[in-house]
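Single-structure report; data block below.
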Amino acid sequence: LLTAFTIPFVFVAELLAVATLFALPVTVSIPVLLVTIAFIEEVAKSVHLYAGFERGVFARTDRVALAVGLASGVGFFLAEKATAVVQAVGLTELYVGRAAFGSVAGMEGLSPVALVALLFAPLLLHGFATTVAAVGASRNRTYYALTLTLATLLHAAYNFGVVSLHG
């Protein structure tokens, strides 16, 4: 639930990134934007988990880390899908906006199998990446920083793949 509440802040941070990078050449702005978005989302999904482990709210076990990581990833996925109104405001008409929010743009004409895959691929991504960061968060600050970096790189690779496939 706490992860879902971060969605408005995530969107604002992502919009700020789009606005900041808008003036740069697309060859620079898109890769930087995709990594920045991955980092913003991974922090939003995991920083409160790290705080929970540090404050003793969560037991420092792999089982708990897996459970809270999956819960946070699923919560983020559900909230992200529930607030996919970005398309309604026309942001996806901009090239940089499509790169940031491409998962809600350009769905017409896809097969039902492709649509289902595009719907559930982010669920797998968010669940897995957040679990990676949660396991590190359950250890200590250094492991959290390392696994947050790994989760960000995994997420950024996914973003690059989606943009490459989806245009």
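The values are calculated or read from the model by the stated rules, or taken from the named source; none is laboratory data. Here the structure is a predicted model, which means the values were calculated and not measured. In this analysis, Cβ positions are derived from the backbone assuming ideal geometry, glycine residues included, and neighbour counts consider all displayed protein chains. Surface accessibility is based on the protein's heavy atoms, side chains included, excluding ligands, DNA and RNA. Shrake-Rupley method; radii C 1.70, N 1.55, O 1.52, S 1.80 Å.
Summary of values
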| item | result |
| --- | --- |
| Simple spin-label estimate for THR142 and VAL57 in nanometres, 7 Å along Cα-Cβ | 2.6 nm |
| Inter-label distance, nm, simple model (7 Å from Cα along the C-beta direction), VAL74/PHE5 | 2.0 nm |
| Accessible area in the full protein assembly, largest first, 1.4 Å probe, for PHE58, PHE128, PHE53 | PHE128, PHE58, PHE53 |
| Rough spin-label spacing in nm, given labels placed 7 Å along Cα→Cβ, for LEU115 and SER164 | 2.7 nm |
| Region 112-154: Cα Rg divided by the 2.2 N^0.38 Å rule of thumb | 1.42 |
| Centroid-to-centroid separation of region 141-167 and region 1-73 [C-alpha atoms, Å] | 11 Å |
| Per residue convex hull volume, Cα atoms of region 14-56, in Å³ | 57 Å³ |
